[in-house]
1. What's the local net charge at residue 828, with K and R +1, D and E -1, over the other residues with C-beta under 12 Å away?
2. For residue 783, which lysines qualify as cross-link partners when the Cα separation must be under 20 Å and same-chain residues fewer than eight apart are set aside?
3. Between residue 120 and residue 592, how high is the FRET efficiency from 1/(1 + (r/R0)^6) when r is the Cβ-Cβ distance and R₀ = 41 Å? Nearest 0.05.
4. Highest mean first, how do 266-274, 118-126 rank when packing is the count of other Cβ atoms within 10 Å averaged over residues?
5. Mind checking which lysines have their Cα closer than 27 Å to the Cα of residue 405? Skip sequence neighbours fewer than 8 apart in that chain.
6. In whole angstrom, how long is each semi-axis of the equivalent ellipsoid of the chain, when you take the square root of 5 times every eigenvalue of its Cα gyration tensor and sort them from largest down?
7. Output ³J(HN,Hα) for the stretch 673-689: one whole-Hz value per residue in order, computed from phi by the Karplus curve 6.51 cos²θ - 1.76 cosθ + 1.60 with θ = phi - 60°, and x for Gly and Pro.
8. Which whole-number percentage describes the relative contact order of the chain, with Cα contacts under 8 Å and a sequence gap of 6 or more?
Amino acid sequence: MKDDTVAITATINGQTVGITSPPARRLSEVLRDELRLTGTKVGCDAGDCGACTVLLDGEPVCACLTPVAQAAERHVTTVEGLSGDDGLSALQVSFLRHGAAQCGICTPGMLMAATALLTRNPSPTRDQAEEALGGVLCRCTGYQKIITAVCDAATLPPAAPAPVAGFAVGSRLERLDGVPKVSGAEIFGADHVPAGALTVRAVRSPHYRAAFEFGDLNAWQAAHPGIETVLTAAEIPGDNCFGVIPPFADQPALADGRARFRGEAVAVIAGDAVVMASLDLGDFPITWQPEDAALDVPSALAGTPVHSAIADNVLTSGRVVTGDAAQALSHAAHVAEGQFETAYVEHAYIEPEAGAAWIDGDTLVIQVCTQAPYMNRSDVATVLGLAPEKVRIIPTATGGGFGSKLDVTLQPLLGLVALKTGRPCRMVFSRQESLQASTKRHPARMQARIGIDADGKVTGMEFSGDFNTGAYASWGPTVANRVPVHASGPYLTPDYAAVGRAIHTNGPVAGAFRGFGVPQAALLQETLYDDLANAAGLDRLAFRQLNALKDGDRSVCGQQMESVGILESLDALEPRWRDALAAAEAFNATSEVLKRGAGVASCWYGCGNTAMSNPSTIRLGITADGRLVLHQGAVDIGQGSNTVIPQICADALGLPLDQFEFIGGDTALTPDCGKTSGSRQTVVTGNAAALAGRALRETILRQSNMGPESAITLDGSRLAISDGEASREIILTTLPADAHGYVLSAEETYDPPTTPLDENGQGKPYAVYGYGAHLAEIEVDRKLGTVRVLRITAAHDLGRTINPVLAEGQIEGGIAQGLGMALMEEYLPERTENLHNYLIPTVGDMPKIQSILIEKNDPEGPMGAKGLGEHVLIPTAPAILNAIRHATGARIRRLPALPHRVLAAIKEAEETP
Ligand code: FES
Ligand code: FES
C-alpha cells in the first residue's frame, strides 16, 4: 500500500468490496473508474447536478462530493443495485411505463433519490416527491413524468400488451431503448474506457482574443513523466478547419497562433490517466498577447474583424420580402413597434462532451456522444486528412444535446491523438470546459413593426434581427436564414420584410439550440401582438385566432400552406383561457403585492433544413434464419427516434414491432439518417422508414404473388402470407443472401420536397410544418420582482401522433427550457461557467402542465406525422412575458426576466401615463 492510500471495506450493492485508494478520492471516481459501476453519472463534479447520487446507508449523497473514506464499513447502493433476481425494481419499471427517462443521463440519480424517499414513504404525494428530487437536475423531461413515476411506483398497473401488426403507430409504447437507461447499463460518452487508453486534456485560451506562442514543448513534456504527447495545430495532418455548413467552415480544431474566444483549444496533452488527473497546467509553456475583443454585436460592428476576411464582422444575412411592408404599415389603423434583446443561453445537458478513439486496422474509430455521426465523420476526415471511409463514428447514448452536440468539439482532438500515438485514448470534458467550448443559443437584438387594419387583421410587418454568432460560423447562417422565414409567426401577413444577420464577435460560438433563432424572434412578434390586440380592443386570444394562417393561405415565403393546425391549437386553449382570465381577475381583486396574469403565444416551425436537401436513408432486411433487422441511424438524444422510427417502419411493413432487431447509429453499420436537428427525424427519417417498410412488404407480396391487403407473419425461416382463404409461404433459407447478409431487404431514401428560396426568400422552404400555442398562468411579486409560473396549457398540432407518451415528454421538456430562457438563464463567460451560477429550472420551478395533442394529419408526413422537438419551446417564453404584462403592466424587453428587470419594468409601467 502506498503512503497516500488507505484500504477500506464497504458493502456495495450487497457485496463486500475491498478498496485501496487515497482517502479523499471522490466516491464517484472509485465507483466508476475502479469498480466499473458506470451507472453513477458525473455531470459537474461539484454537487450541483445530482447525477452522481448514490445511497450511503440508505441516504442519498452526491458521490462526487463524498470522499471514498466515508464509505468505509458502510453500505453503498448504486443504480446497478436496484434490480434484483426478479428483474427491474417497481420504480425502474414505473420510469419506463411513464416515459420518465428521455436521454437517461439523469435517470440513475433520480432513481436513487426516489428510492430513498420510497423506502421511507412508499406512497408519497407529488410535493413530497418534488422535495426529495429537488437536488437532481434534468434538462430533458420537465420533471412531470419523473414525479408521476415516483408517485405511481407502488401501484403500478400492468403493462399494456405489445401492439399487434399494423397498430404500433399511435400506441403509448414504452421506449424501446429504455431498459438500459433505468438499469444503469447504458453507455454514454464517458463510460467506455478502451484498455490502455491515454487520457486527453486540452489547453485552452483564458482570453477572449489573444495571439500566442509556444515555448519549448519538448522540454516541458520531458519534465512531466507520464505525458505521452503534446500536440498543436502544427501537427494537424489535414485542413485545420471545420464547420457544420461546409461553405462557411472556419473553425480550427486547435487554434493556430490566435485564439478568438475564451476557452478555445490551442493544444492537446495525452498521457497516463493518473498523471493527467493531477496535471497542473500552470507551467505549460505558452505566451499570450491579449488583444481587444468585441463581445457584443454593437462593438463588433464598430470593431476589429474577428476574421480578417470579414471586415465588417457580418458573417451572412437572410431576407424574406413579400408585398410592400412599408406601405402597408403607413396605411395601418394601428402599428405596434418595439425592440427585444436576448442573452446567450447554454444547453446545459447533464452529460458533458466525452468519448474515446482507437485505431482498428486502417480505420480511425471514434466513439462519442453526438447528434450527427456522418457530419462528425466528414469534419474529422477533413481535419485529419483521411478519406471519410477511414473514419468510423460510433455514437454512444447522448446525455442531452438540444443542438450543441451537432458540432464537433473533442472528436478531431481524440482522432489526432489516436493517429499520432497509435494508442487508444479518451477525453471527458469538465463542466467548465463544456460550458466554455460548446455552442450557445444566439443572443439576439431585434426590432419590428407590425400593422393592423380597423378590423384587427394584420396587414404588414417589418423585422430585423442581429444574432451574435460568436467567434466561428457554426449554425449562424442557418439562424440568419431561418428567422426571416418564421418571424411573422403562424399568422397571415400579406406584406412583409424581414432580415436576419449573423454577426461575429469574440464571444462563445453560438450554434443550434432548439429553434435556430425562432424562439428569439417569437418573443418580439408575440409581445407586439398583445399590443395590437389591445389597440384593436380585441381579446388577445381572439386576435390570434382572427389572424391565424389557414389551409390554402400563403406564408410570407409565398408557400401555399396545407394542414395548418394553429387555429385548432388556439381554439383548444380557449376554455382554459376564459378560466385563467377570470381566476386572475378574482385573485388580483384581493391581493396587492402578488398579482396574477395570463398570456398566450404561438409557434410554427418548418421541419428539416431550410430549402435545402436533407435526406435520410433506412435499411431493413430479413436473414435466412428469420431475423428482421432495422438499420436506424437517426441518433436518439432522448427525443425518442429509437422508438418512433421503428413504430412507423413496423406498421408500413405489417409485422409486429417486437419481432424487430435494431442496429443503431454507426457510420459503419447504418446508412446516413442525417443529423438529429430541426425537428426532422420523425418526418424525414420516419418517411424513409415508411418507404423501406412498404418496399420490403411489396417485395414479399410480389415474390408470393399475393395482393396488397395480405397479412404477413414471420415464423423462424418461414414467411407466411395470407389473404382470406389464399395463402402462400416463402422459405427464407432457399433465398440467396445479399452483401449485408439479407435474403430479403429494402433500402430507401427520403428527401423532403422543398425548393430553393429566391433573392426575396420566396419558395418552399419546408415540406412539413408543425404548430402550437401555449397559455401561461403566472404570479408576480410586485415587491420582489419574482415570477412564479403556476400552469402552462400547451396545445400542439403534431399531425398523427406516433407515440403520445414521447410527445408529451417533448412538450413538458420544451416548456422547462422555455421557462428557463424566460426567467433565469443567461450565460456569461467567466461568471457562469458552472451549474451553480448558471441556473436551469429544477423540479421546484416547474408549473402544472397540461398537454393537448391535436392531430391534423399532414399529407407529406409519415402516416400524417409532423415534427415537434423545437416547436415545444418556442411559445413558452413569450406566453410568460405576456402573462407578466397582464399581471402588472410590465413590458419586458430583455431576457432573462430576472427580478431586477421585472421590477424596473413594473416601475416604468407605473410611470407611463
Ligand atoms: S456530478 Fe455530483 S452533483 Fe453533479
Ligand atoms: S432525461 Fe433527464 S437529463 Fe435527459
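Every number in this text was worked out from the coordinates using simple rules, so none of it is lab data. Not measured: the values here are computed from a predicted model. Every residue, glycine as well, gets a Cβ built from its backbone with ideal geometry; the counts of neighbours run over all protein chains shown.
1. Numbers: positive: 262, 440, 831; negative: 296, 346, 825, 826, 830, 833.
Its environment carries a net charge of -3.
2. 595, 907
3. Working: r = 40 Å, r/R0 = 0.99.
Approximately 0.50, to the nearest 0.05.
4. On the way: 266-274: 20.6, 118-126: 13.7.
Descending mean neighbour count gives 266-274, 118-126.
5. Within the straight-line cut-off, residue 405 pairs with 41, 145, 181, 390, 420, 440, 675, 866.
6. Details: eigenvalues 321, 255, 186 Å².
Equivalent ellipsoid semi-axes, largest first: 40, 36, 30 Å.
7. 9, x, 8, 8, 6, x, 6, 9, 5, 4, 6, 7, 5, x, 5, 5, 5
8. Details: 2426 pairs, mean separation 123.7, N = 913.
It rounds to 14 percent for the chain.
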